[in-house]
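S.K.: Just passing along the structure, written as structure tokens.
Quick note: the coordinates plus some simple rules give every number you see, no bench work behind them. What you are looking at is a predicted structure, and each value in this text was computed from that prediction instead of being measured. Please note: Cβ atoms are built from the backbone with ideal geometry, for glycine as well, and neighbour counts cover all protein chains shown.
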Amino acid sequence: MSNKMWGGRFGEAPDQIMEEINASIGFDKRFYSQDIRASKAHCTMLAKKGIISQADADQILVGLDTVLGEIEAGEFTFKRELEDIHMNVESRLAELIGPTAGRLHTGRSRNDQVANDFKLYIRDTLDHLDGQLEGFMGALLNLAEKNADTVMPGFTHLQTAQPVTYGHHCLAFVEMASRDKGRFQDARARLNECPLGAAALAGTSFPIDREMTAKALGFDRPTRNSLDSVSDRDFVLETLSAASITAIHLSRMAEEIVIWMSAGFKFIKLPDSLTTGSSIMPQKKNPDAAELVRAKTGRIVGALNALLIVMKGLPLAYSKDMQEDKETAFDALDSLSLCLAAMTAMISRLEVNKDKMRHAAAQDFSTATDLADWVVRELGVPFRQAHHITGTLVALAEKKGCDLSDLSLADMQAVEPGITDAIYSVLGVDNSVASRTSFGGTSPDNVRASVKAWRERLAK
Ligand code: ARG
């Protein structure tokens, strides 16, 4: 038997291998609720415009609710020979209400249907990720507040650079997360145009009301060009691009968790429940969750890459290539959601070893810049020259195997006679971070003010 949804002109049924490569039901069943919601909006509009009778529409609407109930109860049998979610739903509708079901597909096509369903699905996903990002930011703000004056080494090139506060470090990730949130919101705003009614590619001769369906589905307006409507997947690409950037942020943070938990650092600890053990080395406690967050970036960025390559060079309008937009996107967005949840859990529960951080912050001449700044401020020496004086003192301390603050005043004055013992106050790490009060700087006061400002912004 040929395919009952489109088999009119076919003399034989699809080959097994045709069916296998063609079917998308294995993955697009995921947007059954979006598909049914959109069908109901389309059906209501068809009746309002007198394209189908109200009596037929009523039957269709009841039937669609029955199908929805069956799927949600796990009583629905998805059939591969029916290819995709659209035809599975419609075919079951026909079993339930008879030939009237066939009126639902008036003035639409699977091409506009799938674009529409996927937009609705991505929109829901974006809203979910937005909420997750907010939770993640909240957890970071709590950690920042608790560590507003926890001193740690700030790094460049992963070499100790200057002391910073751990709270300030946490707030750097809040900034990233807020840009991520903004990108998701931008993507959502741009995708929010309804392709339904573009039909296969050219629009339709039926007097449909696209404004009505767009409004019913929470879209801002209908899409303007039927060809673009069915061939556009920018909304998936944009979402995956925003997801990729978020993923690399999470990955960078995960990498720090891995490094900071290692024996060489011991800056932080994760609770037992968020780590794993080794089957051979009884002493091990591994940051697997952080490692997996770091690694899952691969599949998220991979999904973006995969879809860019699918779309590249596709002629207008719809081509079946575009069915390949879903699986990797689903996987990437699921993965990102999982990573955000895991990261939020780790951030909420990690313990900070303040002594270790502080000790490390005082190593490797981390306050050399403070010394140079003091020479500029107190002695009126140009910064470049102060830099040179400080460099000489660092070399001296290195030679003596001591810290800058261990150099005697006589040693210092031998290099720069103007130095007084007031210099020692700026060589401590607490003074160093407390002095960094410039806008966006690391001082504990800045951290506290930033946390407060972020909380107010998020509450709006
Ligand atoms: N399953 C298809 C997809 O995901 C739906 C659209 C099919 N359209 C078509 N003309 N065969 O893209």
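S.K.: Only one of G7, G26 is under 16 Å from E83 (Cβ atoms) and within 31 Å of the chain's Cα centre (by Cα); which?
M.R.: G26
S.K.: Suppose we filter the stretch 316-356 for residues that are within 16 Å of the ligand (Cβ to nearest atom) and of a type outside the set (D, E); how many remain?
M.R.: The number of residues fulfilling the criteria is 11.
S.K.: Quick one: is C194 surrounded by 20 or more Cβ atoms within 10 Å (Cβ to Cβ), closer than 30 Å to A55 by Cα and away from the ligand (no atom under 16 Å from the Cβ)?
M.R.: yes
S.K.: Given the conditions (1) crowded, with 17+ Cβ neighbours inside 10 Å; (2) closer than 17 Å to C43 by Cβ, report the number of the one that L82 does not fulfil.
M.R.: Only one criterion is unmet by L82, namely (2).
S.K.: Being crowded, with 18+ Cβ neighbours inside 10 Å and either on the phi > 0 side of the Ramachandran plot or within 16 Å of the ligand (Cβ to nearest atom) (or both) is the filter here, so list the residues in the stretch 35-71 that pass it.
M.R.: Residues satisfying the conditions are D35, I36, A38, S39, H42.
S.K.: Here's a check for you: in the stretch 81-104, which residue that is among the charged types (D, E, K, R) and over 15 Å from A23 (Cα atoms) is nearest to the ligand (Cβ to nearest atom)?
M.R.: Taking the candidates together, the pick is E90.
S.K.: On to the next question. F78 is checked against (1) part of a helix (DSSP H, G or I); (2) within 16 Å of the ligand (Cβ to nearest atom) and fails just one. What number does that condition carry?
M.R.: Checking F78 against (1) part of a helix (DSSP H, G or I); (2) within 16 Å of the ligand (Cβ to nearest atom), the one that fails is (1).
S.K.: Looking only at the stretch 21-70, count every residue that is free of Cβ contacts under 8 Å to residues at least 40 places away in the same chain and of a type in the set (D, E) and tell me the total.
M.R.: Of the residues in that region, 3 qualify.
S.K.: Do we find that V429 is buried (at least 18 other Cβ atoms within 10 Å of the Cβ) and at negative phi in this structure?
M.R.: Spelling it out, V429 is indeed buried (at least 18 other Cβ atoms within 10 Å of the Cβ) and at negative phi.
S.K.: Among the residues of the stretch 1-34, which ones are closer than 23 Å to P99 by Cβ and exposed (fewer than 11 other Cβ atoms within 10 Å of the Cβ)?
M.R.: M1, G8, R9
S.K.: Could you tell me which numbered condition Y424 fails, if it satisfies all but one of (1) assigned to a loop (DSSP other than H, G, I, E, B); (2) aromatic (F, W, Y); (3) surrounded by 12 or more Cβ atoms within 10 Å (Cβ to Cβ)?
M.R.: Exception for Y424: condition (1).
S.K.: Here is a follow-up. Counting only residues that are more than 15 Å from the ligand (Cβ to nearest atom) and part of a helix (DSSP H, G or I), how many does the stretch 9-34 have?
M.R.: 3
S.K.: If you don't mind, another one. Looking at D124, D130, which one is over 19 Å from I347 (Cα atoms) and in a helix (DSSP H, G or I)?
M.R.: D124
S.K.: Another one. Conditions first: (1) surrounded by 18 or more Cβ atoms within 10 Å (Cβ to Cβ); (2) within 16 Å of the ligand (Cβ to nearest atom). A187 passes all but one, so which condition is the exception?
M.R.: (2)
S.K.: Would you check which residues across the stretch 107-131 are crowded, with 21+ Cβ neighbours inside 10 Å and away from the ligand (no atom under 16 Å from the Cβ) and list them?
M.R.: Matches in the stretch 107-131: L126, L129.
A quick yes/no check of all residues on (1) under 30 Å from A144 (Cα atoms); (2) of a type outside the set (D, E, K, R):
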{"residue": "L350", "(1), (2)": "yes, yes"}
{"residue": "A361", "(1), (2)": "yes, yes"}
{"residue": "D370", "(1), (2)": "yes, no"}
{"residue": "W374", "(1), (2)": "yes, yes"}
{"residue": "F383", "(1), (2)": "no, yes"}
{"residue": "K399", "(1), (2)": "no, no"}
{"residue": "A422", "(1), (2)": "no, yes"}
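S.K.: So which pairs qualify, if the first residue must be in the stretch 100-125 and farther than 21 Å from A317 by Cα, the second must be more than 16 Å from the ligand (Cβ to nearest atom) and among the aliphatic types (A, V, I, L, M), the Cβ gap must be under 6 Å, and the two must be at least 6 apart or on different chains?
M.R.: A101/L93; A101/A94; R103/I52; L104/I60; T125/L333
S.K.: Scan the stretch 250-290 for residues that are of a type in the set (D, E) and in contact with a helix residue (DSSP H, G or I) (Cβ under 6 Å, 6 or more places away or on another chain) and report the count.
M.R.: Going through the stretch 250-290 one residue at a time, the tally reaches 1.
S.K.: Okay, moving on. If you check every pair at least six apart or on different chains, which have Cβ atoms under 9 Å apart with a residue in the stretch 129-146 that is closer than 10 Å to V174 by Cα first and a residue that is among the acidic types (D, E) and in a helix (DSSP H, G or I) second?
M.R.: Taking only residues 6 or more apart or on different chains, the pairs are L133/D180.
S.K.: Now for a different question. If you take just the helices (runs of 4 or more DSSP H) that sit entirely in the stretch 328-416, which of them hold at least 1 residues that are surrounded by 15 or more Cβ atoms within 10 Å (Cβ to Cβ), in contact with a helix residue (DSSP H, G or I) (Cβ under 7 Å, 6 or more places away or on another chain) and without any contact (Cβ under 8 Å) to a residue 12 or more places away in the chain?
M.R.: The helices (runs of 4 or more DSSP H) meeting that bar are 368-379.
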